[in-house]
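The structure under discussion appears below in the form of structure tokens.
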Amino acid sequence: MIEIENMIDERQQKLRQIADHYQEKQLWKLAEECGELVQALSKYVLTGDKCPAIEEIADVKNVAPQVEYLLEIGDDVELMMEYKLDRTIKEMEKRQKKVLEKLNCGITGMRNWKNKDA
Ligand SMILES: [Mg+2]
């Protein structure tokens with residue numbers, strides 16, 4: 001656990017060192033890497049090759065925190081991430097509930113239906 005924490009600290013130092021050196025160029029770098037990720041994901045869908053996706057996800061995950069650091073928006077991004085995750089979970093639950101309502105049998109009914117053959 002301490003090794004992972006040390007690795008994260010070390011990575012943050014490297015990311016900040018790079019961000020401090022390149023400054024606002026990293027905003028364009030992030031845009032470039034996002035474009036490369038789109039291409040890599042398209043390639044995966046067409047060929048099944050995961051390697052480009054691995055490389056480009058790593059690039060985006062390395063450059064995005066640099067932009068957060070440079071713009072001093074890290075805390076806001078964290079809050080927005082939580083908000084968006086919660087919103088998506090709520091939307092999923094709402095959709096699931098609608099499906100169950102269409103089936104006219106609520107969650108208890110669905111559970112009984114699933115266990116019928118058990
Ligand atoms: Mg790249």
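Most exposed first by the Cβ proxy, i.e. fewest other Cβ within 10 Å, how do V63, V45 rank? Intermediate results must be reported in sequence, preceding the final value.
Working: V63 23, V45 10.
The fewest-first ordering by Cβ neighbours comes to V45, V63.
Using 0.36 nm times the number of residues separating Y83 and K98, minus their current alpha carbon distance, what extension gain do you get?
On the way: separation 15, 0.36 × 15 = 5.40 nm, distance 2.25 nm.
Result for the pair: 3.2 nm of gain on full extension.
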Checklist entry - 222 nm [θ] for the chain, helices only, -39500 (n - 2.57) per DSSP H run of 4+, per residue, to 500? => result -30500 deg cm²/dmol
Item to check | Pairs from K29/K50; K61/K98; K29/K84; K25/K94; K61/K84 whose Cα-Cα separation, in the structure shown, is over 30 Å | outcome: K61/K98; K25/K94
Checklist entry - GNM, the chain, Cα, under 10 Å: largest mean-square fluctuation among K29, K94, K14? => result K94
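Coordinate-derived values only; no laboratory data. Remember, it's a predicted structure, so these values are computed and weren't measured experimentally. Ideal geometry is used to build each Cβ from the backbone, glycine not excepted, and the neighbour counts take in all protein chains shown.
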